[in-house]
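*Asks:* The structure is given below, and queries will be raised subsequently.
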Amino acid sequence: MRQTLTAAALTAAMALGSFGSAQAEDWPASGKTIQVIVPAPGGAGTGDSIARVLADQIANRLKASVVVDNRGGANGNVGATIAASSPADGYKLLFSWAGTLAVNPALYKKLSFDPQKSFEPIALVADVPNILVVNNELPAKSLAEFIDYAKKNPEKLHFGSTGSGSSMHLAAELFMAQTSTKLVHVPYNAPAMATTNLIGNDIQLMFQLVPGIAGQVKGGKVRALALMSDARSPALPDVPTMAELGQPTLLSSTWFALLAPKGTPAAILDKLNAVVNESLSDPEVKKKLAAMGAAPLGGTRQQLADHLAKETAKWGKVVREANIQIQ
Amino acid sequence: MEIIEHLQIGFSTAATFSNVLYCLVGVVLGTAIGVLPGLGPVATIAMLLPVTFGLSPASSLIMLAGIFYGAQYGGSTTAILVNLPGESSSVVTALDGYQMAKQGRAGKALATAALGSFFAGTVATLLITLFSPPLAEIALKFGPPEYFSLMVLGLVASIVLASGPLPHALGMVVIGLLLGIVGTDVNSGTERFSFGTMQLADGINFVVVAMGVFGLGEIIANLENETTRSLMVKKVTGLMLSWAEIKGIAAPVLRGTAIGSVLGILPGGGAMLSSFAAYALEKKVSKNAANFGKGAIEGVAAPESANNAGAQSSFIPMLTLGIPSNPVMALMIGAMIIHGIQPGPTVMTEQPELFWGVIASMWMGNLFLIILNLPLIGVWVRMVQVPYHYLFPAILVFCGIGVFSLSNATLDIYLMAAFGLIGYVFRKLECEPAPMLLGFILGPMMEESLRRALLLSKGDPGIFFTRPISATMLILAVLAMVIVLLPALQKKRQEAFTE
């Protein structure tokens, strides 16, 4: 009896498996287009650039037609909501990042998608760390001197960000909480004017993202003190990491990941995971990412799920403790 | 002579066969998308970005730059012919340009726009060549207080823009400010007037408002009375400018170029602001001031020169500091990064052939544009003679496509339709939409700068008066206000006396 049951279960499992793989074998069907939804306007920043490099790779490796569908708005919520309610047939994917996936659940009182429940994780793609940069006229030449200076001058130093709850804002909140310093938040709606004001000494520091400031650091217009990542950035190899300077928990980066609507067949997800990992080990792709100041990540689907859970908890705490809320 | 050496490096890059070709492709594409309403350089460059992956960095930047300044040339065409600003910077051109077209002087208006743009483009390129680094320093002097005062000056100038009654203009500015409030507040993250829809969380796009109020409003008004319209376009006279007319526009073109070159350097919509500023200034200093809004050729010459000079000089912060002054420049920076070039102050020294190559290509591009645009005038003018019941559905379709291309959102199309109706109502009430649009652009920037400045000063408004640039601009704003109000007050007093 038990044997028959096992056998039945086995046949059922095999049938299911073959069903799944049959779907995955057909996928991607010729003549159908895979749409990668990017919840940001076209050409906007590193996220869109990485998405386009990845879309190009998926197209070449699967011999399929892949297009990037830009759906910007509301910190990525517009695009993520569209992706969450898209058919789970492998032809709609979501390329999103830390802000929309790990921060927005804490930031917004109500979201029309749940990053951990509305999507199937495919793979982590890349990550871009925050970097502490200060105006050249600031007397502090090192991280230790800076923390010391900030402690002696509470609420005198102003940092720019790209808005309440943005990566640059939260990195600063994390920094203040862990170093017991008080800095004043000055929000901007785009990084360009904040950077201009940083060079012009209207604001004194920023927790910029590496690709947005590497050129100004190299050109000597601002001073970089520390990178909020485990490893040094190839874009700025001379800048030490927070860990090297004795602050191993001051980590902050914007990571990018590929996901699919909930219920997309596992075989398709596996196939896409393999493609992402293959692409990330391609020297050409590595070169392109390095040029953008991004480090390739990759890994299994489970690793993305774990990373998402961990990051959601971490930033949720920062958001709650700093009492940031968006209606 | 260092400068000759630089230009030699530049032209040795820009004047190769393939780069000349990419420059030409860029300006032709730019002209085309400029002519098509709503479809702007941002959407086009974003779409073309992947195509440039295969090109050399210099070729791709030369082409993308060509699209950008080419669009400034093309944008004026529909503004003049059908009162439909193809680009935000050509809104002001529509004010007098369309009136000129109604009087059968469309050809002259288009020629003025092309010649003004050419002159301004050439001069601004010369400025970039000679003074890029010192000019970039100006942008650094503009902190939040300076921006706030600049916006105050801009708002006062917006009242000067209107040719109708003063209370109407003030009311329209206020409506513009209110529309500008829609969206997420940067400081607190609170959504304002978004009615719970995510699509409004980032506010209303300027192009949606401009195309609705100007373009669609005009179409509705024309349909109301088609016969008068077909009468008006039949009598197209002379395409080229007379010597007297060229002499008449010389000074406005020079002033427009100067304003555009300076404002273009500032991050945050310099080119757009410069066309408004140039028009407002011209209206105050011109001997022909009474004709502004009724088809004054100076009202086309000044803003067209200003927006082209501004487009050109907005390259300065991008090329010298790696800071984008508008979304198009942000895309160009993206293109450089993809090619492994780190935009920043080092580009000039590490990649001189790229830096000077792009600048040299602007000289060529402006030349191509004038050669391309002058003969096209004859073609465009004939386009207006197409019967309106064929023309307007085509315009509507292009508007729809253009607006959808902004952010792939259908809500934008509905909004444009709603603003079309509103524009028609404004027309009936004799309220001019230009001051509203300026309020719409300046309001959010003014509010953010105000709050940023007060964050920096810990709530002390003295920051606006102690910083010299800011104080100077506030004084100018007060003076401008007095100039505007004085005639109105005198008139009131005269009326009072006669009674």
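*Asks:* Scanning segment B:337-351 for residues that are out of contact with any Ser or Thr (no Cβ under 9 Å at 6 or more places or on another chain) and in a helix (DSSP H, G or I), which turns out farthest from A:Lys288 (Cα to Cα)?
*Replies:* B:Thr349
*Asks:* Name the single residue, out of those in segment B:283-302 being among the hydrophobic types (A, V, I, L, M, F, W, C) and in contact with a helix residue (DSSP H, G or I) (Cβ under 7 Å, 6 or more places away or on another chain), that is nearest to B:Thr93 (Cα to Cα). Don't jump to the end; show me each part of the working.
*Replies:* Initially, segment B:283-302 is screened for residues among the hydrophobic types (A, V, I, L, M, F, W, C), giving B:285, B:289-290, B:292, B:296-297, B:300-302.
Restricting the remaining residues to those that are in contact with a helix residue (DSSP H, G or I) (Cβ under 7 Å, 6 or more places away or on another chain) gives B:289, B:292, B:296-297, B:300-302.
On the way: B:Ala289: 16, B:Phe292: 11, B:Ala296: 11, B:Ile297: 10, B:Val300: 5, B:Ala301: 8, B:Ala302: 9 Å.
Ranking the candidates gives B:Val300 first.
*Asks:* Then there's this: Select, from B:Tyr390, B:Tyr424, B:Tyr414, the only residue that is at pLDDT below 85, of a type in the set (Ser, Thr, Tyr) and over 22 Å from B:Ser76 (Cβ atoms). Steps first, please.
*Replies:* Working: B:Tyr424 fails: at pLDDT below 85; B:Tyr414 fails: at pLDDT below 85.
Result of the check over B:Tyr390, B:Tyr424, B:Tyr414: B:Tyr390.
*Asks:* Answer with yes or no whether B:Thr44 is on the phi < 0 side of the Ramachandran plot and either under 14 Å from the mean Cα position of the chain (by Cα) or not in a helix (DSSP H, G or I) (or both). If you could, list the steps in order and put the result at the bottom.
*Replies:* On the way: on the phi < 0 side of the Ramachandran plot: yes; either under 14 Å from the mean Cα position of the chain (by Cα) or not in a helix (DSSP H, G or I) (or both): no.
When the stated conditions are applied, B:Thr44 does not pass them.
*Asks:* Of these, B:Leu354, B:Leu376, B:Leu406, which one is within 14 Å of another protein chain (Cβ to nearest Cβ), within 23 Å of the chain's Cα centre (by Cα), in a helix (DSSP H, G or I) and under 30 Å from B:Ala58 (Cα atoms)? Write out each step before concluding.
*Replies:* Numbers: B:Leu354 fails: within 23 Å of the chain's Cα centre (by Cα); B:Leu376 fails: within 14 Å of another protein chain (Cβ to nearest Cβ).
None of the other options fit; the residue is B:Leu406.
*Asks:* Condition test on B:Leu55, is it more than 14 Å from chain A (Cβ to nearest Cβ), surrounded by fewer than 24 Cβ atoms within 10 Å (Cβ to Cβ) and either at positive phi or outside any helix (DSSP H, G or I) (or both)?
*Replies:* Values: more than 14 Å from chain A (Cβ to nearest Cβ): yes; surrounded by fewer than 24 Cβ atoms within 10 Å (Cβ to Cβ): yes; either at positive phi or outside any helix (DSSP H, G or I) (or both): yes.
Yes.
*Asks:* Test A:Val78 against the stated conditions and say whether it is facing another protein chain (nearest Cβ under 10 Å) and among the aliphatic types (A, V, I, L, M). Before the answer, list the steps.
*Replies:* Values: facing another protein chain (nearest Cβ under 10 Å): yes; among the aliphatic types (A, V, I, L, M): yes.
Yes: the conditions hold for A:Val78.
*Asks:* Same structure again: Please state which one of B:Leu415, B:Leu438, B:Leu456 is surrounded by 24 or more Cβ atoms within 10 Å (Cβ to Cβ) and in contact (Cβ under 8 Å) with a residue 40 or more places away in the chain.
*Replies:* Working: B:Leu415 fails: surrounded by 24 or more Cβ atoms within 10 Å (Cβ to Cβ); B:Leu456 fails: surrounded by 24 or more Cβ atoms within 10 Å (Cβ to Cβ).
Exactly one of B:Leu415, B:Leu438, B:Leu456 is surrounded by 24 or more Cβ atoms within 10 Å (Cβ to Cβ) and in contact (Cβ under 8 Å) with a residue 40 or more places away in the chain, namely B:Leu438.
*Asks:* Tell me, which residue of segment B:459-468 that is surrounded by fewer than 16 Cβ atoms within 10 Å (Cβ to Cβ) and more than 24 Å from B:Val174 (Cβ to Cβ) is nearest to the other protein chains (Cβ to nearest Cβ)?
*Replies:* So the first thing to find is which residues in segment B:459-468 are surrounded by fewer than 16 Cβ atoms within 10 Å (Cβ to Cβ), and the list is B:459-462, B:465-466, B:468.
Right, trim to more than 24 Å from B:Val174 (Cβ to Cβ) and you get B:459-460, B:462, B:465-466, B:468.
Details: B:Gly459: 12, B:Asp460: 14, B:Gly462: 16, B:Phe465: 17, B:Thr466: 14, B:Pro468: 14 Å.
If we take residues in segment B:459-468 being surrounded by fewer than 16 Cβ atoms within 10 Å (Cβ to Cβ) and more than 24 Å from B:Val174 (Cβ to Cβ), then B:Gly459 is nearest to the other protein chains (Cβ to nearest Cβ).
Rundown of residues vs (1) out of contact with any strand residue (DSSP E or B) (no Cβ under 7 Å at 6 or more places or on another chain); (2) closer than 21 Å to B:Phe206 by Cα; (3) assigned to a helix (DSSP H, G or I); (4) at pLDDT 85 or above, yes/no style:
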| site | (1), (2), (3), (4) |
| --- | --- |
| B:Val253 | yes, no, yes, yes |
| B:Ala271 | yes, yes, yes, no |
| B:Ala296 | yes, no, no, yes |
| B:Ser305 | yes, no, yes, yes |
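*Asks:* With B:Leu84, B:Leu110 as the choices, which residue is out of contact with any Gly (no Cβ under 6 Å at 6 or more places or on another chain), buried (at least 24 other Cβ atoms within 10 Å of the Cβ) and closer than 26 Å to B:Val213 by Cβ? If you could, list the steps in order and put the result at the bottom.
*Replies:* Numbers: B:Leu84 fails: out of contact with any Gly (no Cβ under 6 Å at 6 or more places or on another chain).
After ruling out the rest, the residue left standing is B:Leu110.
*Asks:* Return the total of residues in segment A:58-74 being in contact with an Asp or Glu (Cβ under 9 Å, 6 or more places away or on another chain) and at the interface with another protein chain (Cβ under 10 Å from one of its Cβ atoms).
*Replies:* Quick first cut of segment A:58-74, residues in contact with an Asp or Glu (Cβ under 9 Å, 6 or more places away or on another chain) only: A:61, A:66, A:68, A:70, A:72-74.
Filter once more, so that each one left must be at the interface with another protein chain (Cβ under 10 Å from one of its Cβ atoms): A:68, A:70, A:72-74.
Within segment A:58-74, residues that are in contact with an Asp or Glu (Cβ under 9 Å, 6 or more places away or on another chain) and at the interface with another protein chain (Cβ under 10 Å from one of its Cβ atoms) number 5.
*Asks:* If you don't mind, there's one more thing I want to ask. Could you list, in sequence order, all residues of segment A:83-124 that are touching a residue at least 60 places away in the same chain (Cβ under 8 Å), surrounded by fewer than 24 Cβ atoms within 10 Å (Cβ to Cβ), in a loop (DSSP other than H, G, I, E, B) and not small (Gly, Ala, Ser)?
*Replies:* A:Pro87, A:Asp89, A:Tyr91, A:Lys109, A:Gln116, A:Lys117
*Asks:* Please go through segment B:198-244 and give me each residue that is at pLDDT below 75 and in a helix (DSSP H, G or I), ordered by number.
*Replies:* B:Glu226, B:Thr227, B:Thr228, B:Arg229, B:Ser230, B:Leu231, B:Met232, B:Val233, B:Lys234
*Asks:* If I ask for residues that are under 18 Å from the mean Cα position of the chain (by Cα), under 24 Å from B:Leu367 (Cα atoms) and free of Cβ contacts under 8 Å to residues at least 40 places away in the same chain, which ones from segment B:294-344 would you list?
*Replies:* The answer is B:Met329, and nothing else.
*Asks:* May I pose another question? So which residues in segment A:106-150 are over 20 Å from A:Leu245 (Cα atoms), in contact with a Pro (Cβ under 8 Å, 6 or more places away or on another chain) and of a type in the set (Asp, Glu)?
*Replies:* Within segment A:106-150, A:Asp114, A:Glu120 meet the criteria.
*Asks:* So, in segment B:170-197, how many residues would count as being touching a residue at least 12 places away in the same chain (Cβ under 8 Å) and part of a loop (DSSP other than H, G, I, E, B)?
*Replies:* 6
*Asks:* Here's another thing I want to ask about it. Say whether the condition of being within 14 Å of another protein chain (Cβ to nearest Cβ) and part of a loop (DSSP other than H, G, I, E, B) is met by at least one residue in segment A:314-324. If you could, list the steps in order and put the result at the bottom.
*Replies:* If we filter segment A:314-324 for residues that are within 14 Å of another protein chain (Cβ to nearest Cβ), which is where we start, we get A:319, A:322-324.
Cutting the leftovers down to part of a loop (DSSP other than H, G, I, E, B) gives us A:323-324.
Taking every residue of segment A:314-324 in turn, at least one turns out to be within 14 Å of another protein chain (Cβ to nearest Cβ) and part of a loop (DSSP other than H, G, I, E, B).
*Asks:* Would segment A:135-153 turn up any residue that is at the interface with another protein chain (Cβ under 8 Å from one of its Cβ atoms), over 22 Å from A:Thr254 (Cα atoms) and not small (Gly, Ala, Ser)?
*Replies:* Pass one, segment A:135-153, residues at the interface with another protein chain (Cβ under 8 Å from one of its Cβ atoms): none.
Checked segment A:135-153: no residue is at the interface with another protein chain (Cβ under 8 Å from one of its Cβ atoms), over 22 Å from A:Thr254 (Cα atoms) and not small (Gly, Ala, Ser).
*Asks:* Scan segment A:294-312 for residues that are among the hydrophobic types (A, V, I, L, M, F, W, C) and out of contact with any strand residue (DSSP E or B) (no Cβ under 8 Å at 6 or more places or on another chain) and jot them down.
*Replies:* Of everything in segment A:294-312, just one residue is among the hydrophobic types (A, V, I, L, M, F, W, C) and out of contact with any strand residue (DSSP E or B) (no Cβ under 8 Å at 6 or more places or on another chain), namely A:Ala309.
*Asks:* Specify which of the listed residues (A:Pro265, A:Pro261) is crowded, with 21+ Cβ neighbours inside 10 Å, over 24 Å from A:Ile131 (Cα atoms) and not polar (S, T, N, Q).
*Replies:* Numbers: A:Pro265 fails: crowded, with 21+ Cβ neighbours inside 10 Å.
When all the criteria are applied, what remains is A:Pro261.
*Asks:* Under 21 Å from A:Val134 (Cα atoms), within 16 Å of the chain's Cα centre (by Cα) and surrounded by fewer than 24 Cβ atoms within 10 Å (Cβ to Cβ), is that true of A:Leu225? Before you say what the answer is, go through the steps one by one.
*Replies:* Details: under 21 Å from A:Val134 (Cα atoms): yes; within 16 Å of the chain's Cα centre (by Cα): no; surrounded by fewer than 24 Cβ atoms within 10 Å (Cβ to Cβ): yes.
So A:Leu225 fails the test.
*Asks:* Where residues in segment A:186-217 are surrounded by fewer than 20 Cβ atoms within 10 Å (Cβ to Cβ) and not polar (S, T, N, Q), which of them is farthest from the other protein chains (Cβ to nearest Cβ)?
*Replies:* Step by step, filter segment A:186-217, then rank; the result is A:Ala190.
*Asks:* Any residue in segment A:63-75 that is out of contact with any Ser or Thr (no Cβ under 7 Å at 6 or more places or on another chain), in a helix (DSSP H, G or I), closer than 28 Å to A:Ser253 by Cα and not aromatic (Phe, Trp, Tyr)?
*Replies:* Yes, some residue in segment A:63-75 is out of contact with any Ser or Thr (no Cβ under 7 Å at 6 or more places or on another chain), in a helix (DSSP H, G or I), closer than 28 Å to A:Ser253 by Cα and not aromatic (Phe, Trp, Tyr).
Residue-wise test of (1) farther than 30 Å from B:Gly189 by Cα; (2) small (Gly, Ala, Ser); (3) over 17 Å from the mean Cα position of the chain (by Cα).
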residue	(1), (2), (3)
A:Gly293	no, yes, no
A:Gln302	yes, no, no
A:His307	no, no, no
A:Glu311	no, no, no
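*Asks:* For the structure I just gave you, tell me whether B:Glu448 is crowded, with 17+ Cβ neighbours inside 10 Å, out of contact with any Pro (no Cβ under 6 Å at 6 or more places or on another chain), more than 13 Å from chain A (Cβ to nearest Cβ) and of a type outside the set (Gly, Ala, Ser). Steps first, please.
*Replies:* Numbers: crowded, with 17+ Cβ neighbours inside 10 Å: yes; out of contact with any Pro (no Cβ under 6 Å at 6 or more places or on another chain): yes; more than 13 Å from chain A (Cβ to nearest Cβ): no; of a type outside the set (Gly, Ala, Ser): yes.
So B:Glu448 does not fit the description; no.
The values are calculated or read from the model by the stated rules, or taken from the named source; none is laboratory data. Worth saying up front: this structure is predicted, and the values here are computed from it rather than measured. All Cβ positions, glycine included, derive from the backbone under ideal geometry; neighbour counts span all protein chains shown.
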